[in-house]
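K.L.:
Take a look at this one; I'll ask things after.
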């Protein structure tokens with residue numbers, strides 16, 4: 001209850017009367033169309049040409065232009081063709097599933113046999129220091145990183161992006177463009193190493209075998225550290 | 001025979017109806033003409049002998065017909081004004097500024113199926129909207145629109161008005177009762193409770209005014225307020241006006257007291273089972289009621305058709321068209337042409353980009369405006385009923401605007417708040433108003 005009874009009513013009536021004379025906000029849609037907001041980018045969609053071929057050449061320009069780095073792409077379909085996924089990584093997470101990976105011919109990560117390996121970033125920091133954190137030397141940085149780690153771990157790429165200021169999408173685009181750069185360890189050595197790590201008796205068997213056969217130059221034997 | 005039957009089969013349904021109607025129409029026309037020719041004089045004599053009855057029938061017909069455009073206009077005002085208050089544009093497609101949208105709404109309601117649910121009492125169900133609508137129309141009969149323009153002037157006009165407008169409760173109860181739906185019944189009872197409760201302060205608030213005026217004749221009440229606007233009863237009955245305004249708002253089921261048909265809350269109240277035009281009549285009656293309470297407010301408290309100030313100088317327009325002889329014909333025939341050319345010439349001369357036909361159109365429009373303004377001014381000055389009707393409509397639609405404005409602003413009250421307000425505040429206030437008025441009258445008379 002206000003001090004003067006009816007003051008609230010009067011205030012409300014005054015408000016609507018003011019609104020009555022104010023300019024209106026309606027946009028007369030079919031005749032009048034406002035510009036889309038400056039940050040609006042529409043819905044992500046890949047276009048096909050008249051022969052039904054995907055027009056996307058995975059130039060990663062869209063990923064670079066994306067202000068929040070939500071566009072990522074990549075993937076191989078069941079016939080070994082490069083199959084382009086698009087959109088935020090979450091939207092095509094199905095390719096990280098085991099069946100999708102098996103269809104695409106990639107190594108299937110097995111949590112039981114692939115324990116988490118923290119990447120030591122000290123080596124990477126040294127490389128970055130050598131190149132003065134300059135994104136112009138990206139290819140050399142990436143090559144040296146691969147030489148140091150055997151492949152390009154995601155943690156390292158993130159570190160490079162953070163230190164050089166280059167977009168992750170740009171680094172990813174550069175790295176995926178060159179055939180000699182890889183994101184996963186070379187399969188043949190790595191898997192054997194893991195298998196050996198999880199079969200502690202193998203060394204004993206091999207030693208016994210070596211003793212029995214009198215030699216250790218069997219092909220395919222991994223180098224032991 | 002086959003030719004006839006084939007021809008008949010080829011006709012569409014409207015064609016068949018027309019085919020049957022046309023001979024009927026011809027017979028009816030011929031018969032009517034024959035009756036007028038043969039029995040014209042006795043009919044005229046009978047009508048002249050019963051002039052009051054004829055006048056009454058005519059007045060009722062005119063008032064009944066007048067309510068329809070009034071309701072359309074108020075519906076349009078409501079849509080447009082509330083839209084503007086919501087920072088929207090509102091109706092703007094049909095007609096100039098969308099003003100025909102309410103007519104389209106009316107046609108739509110007319111074309112909808114008029115459904116009668118199983119189990120209703122069909123007679124009462126059908127008559128309920130008629131009663132509600134007729135109560136409004138009949139109440140409008142005693143409202144004076146101008147000096148002499150009144151449906152039926154008689155000395156108990158005010159009493160008649162309240163009696164007839166109270167009749168709408170019967171219609172609401174009929175609708176609620178006959179719908180064979182317990183929610184409709186509840187809605188009907190609830191609206192009846194509301195209307196009956198507010199009837200009492202509404203009537204009591206006017207008793208003070210009746211004491212002041214000394215009559216219940218609405219025409220006399222209006223005449224008592226002639227002169228300057230300070231003679232209006234609003235300055236002698238401020239509390240009465242306030243109570244009347246609030247109670248009339250509730251009586252007409254307008255926001256903030258629109259619990260009767262709180263569109264957003266209960267399922268249309270008493271009108272749940274109604275559809276089509278029977279439903280439309282309830283809403284028509286609501287908008288006619290808005291007009292009526294505005295008109296009555298103006299009539300009783302705001303000077304009716306009196307101008308707020310007396311005309312400052314006496315005007316004598318001794319213009320007799322008959323005395324001009326052949327000059328009148330010349331004026332009617334040549335005046336518009338001359339005026340059109342007169343108004344067109346400056347536009348044609350002013351710019352070479354305005355072509356002759358465009359200048360003529362501009363001239364025609366301007367000449368028409370000029371003539372209408374001239375005739376209007378002449379009618380305002382010369383005919384006091386035109387001036388009266390203009391003032392009356394101006395004030396009435398001002399109050400209609402206020403009611404729409406309130407609907408655009410105020411939230412709805414609860415039913416207990418509604419009843420509390422009627423019985424605990426309005427009723428004592430109206431009694432107080434009556435007491436003060438009576439005491440003041442006694443004191444003034446004693447002093448005199």
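K.L.:
If you build a Gaussian network model of chain B, linking Cα atoms that sit under 10 Å apart, which residue out of B:180, B:198, B:287 swings the most?
P.N.:
Among B:180, B:198, B:287, the largest GNM mean-square fluctuation belongs to B:180.
K.L.:
If I take the Cα coordinates of region B:332-382 and project them onto the principal axes, what are the three extents in Å, biggest first?
P.N.:
Projected onto its principal axes, the Cα set of region B:332-382 covers 42, 19, 12 Å.
K.L.:
According to the square roots a ≥ b ≥ c of the eigenvalues of the Cα gyration tensor, what is the shape class of region B:120-237, taking rounded for a/c under 1.5, prolate for a/b larger than b/c otherwise, and oblate for the remainder?
P.N.:
Judged from the Cα gyration tensor, region B:120-237 comes out prolate (a/c at least 1.5, a/b above b/c).
K.L.:
Connecting C-alpha atoms closer than 10 Å in a GNM of chain B, tell me which of B:49, B:377, B:350 has the biggest fluctuation.
P.N.:
B:350
K.L.:
Packing-wise, with mean Cβ within 10 Å as the measure, how do B:137-143, A:15-21 rank, highest first? Provide the component values of the computation, followed by the final result.
P.N.:
On the way: B:137-143: 22.6, A:15-21: 13.4.
Listed from highest to lowest mean packing, they are B:137-143, A:15-21.
K.L.:
Using a 10 Å cut-off around each Cβ of peptide A:16-26, what is the average number of partner chain Cβ atoms that fall inside? Mind showing how you got there, number by number?
P.N.:
Details: counts 11, 4, 1, 6, 10, 2, 3, 1, 7, 4, 7.
Across the residues of A:16-26, the mean count of other-chain Cβ atoms within 10 Å is 5.
K.L.:
Once you order the gyration tensor axes a ≥ b ≥ c over the Cα atoms, which shape class does region B:41-198 get: rounded for a/c under 1.5, otherwise prolate or oblate by comparing a/b with b/c?
P.N.:
In terms of gyration-tensor shape, oblate.
K.L.:
Along each of the three principal axes of the Cα atoms of region B:176-241, give the extent in whole Å, ordering the values from largest to smallest.
P.N.:
Principal-axis extents of region B:176-241 (Cα, largest first): 55, 22, 19 Å.
K.L.:
A further question follows. How big is the gap, in Å, between the Cα center of region B:33-89 and the Cα center of region B:379-398?
P.N.:
Using only Cα atoms to place each centre, the spacing works out to 19 Å.
K.L.:
Let me ask something else. Could you estimate the translational diffusion coefficient of region A:122-177 from the Stokes-Einstein equation, with Rh from the Kirkwood formula over C-alpha pairs, at 20 °C and 1.002 mPa s, in whole µm²/s?
P.N.:
Once the numbers are plugged in, D ends up at 199 µm²/s.
K.L.:
Averaged over B:407-417, how many beta carbons belonging to a partner chain fall within 10 Å of each residue's beta carbon?
P.N.:
Numbers: counts 1, 6, 9, 5, 1, 0, 0, 0, 0, 0, 0.
The shielding value for this peptide is 2.
K.L.:
Send over the Kirkwood Rh of region B:329-448, from the inverse of the averaged 1/r over different Cα pairs, rounded to one decimal Å.
P.N.:
The answer is 20.8 Å.
K.L.:
While we're looking at this one, here's another question. What shape does chain B have by the C-alpha gyration tensor, where a ≥ b ≥ c are the square roots of the eigenvalues, rounded means a/c under 1.5, and otherwise prolate means a/b greater than b/c and oblate the rest?
P.N.:
In terms of gyration-tensor shape, oblate.
K.L.:
Taking only the alpha-carbon atoms of region B:91-179, what semi-axes of the equivalent ellipsoid follow from 5 times the gyration tensor eigenvalues under a square root, in whole Å, largest first?
P.N.:
Whole-Å semi-axes of the equivalent ellipsoid: 29, 26, 8.
Values quoted throughout were computed directly from the atomic coordinates according to the rules given, and no laboratory measurement underlies them. Note that the structure is a prediction, hence the values are computed from the model and not measured. Positions of Cβ are backbone-derived with ideal geometry, glycine not excepted, and every protein chain shown enters the neighbour counts.
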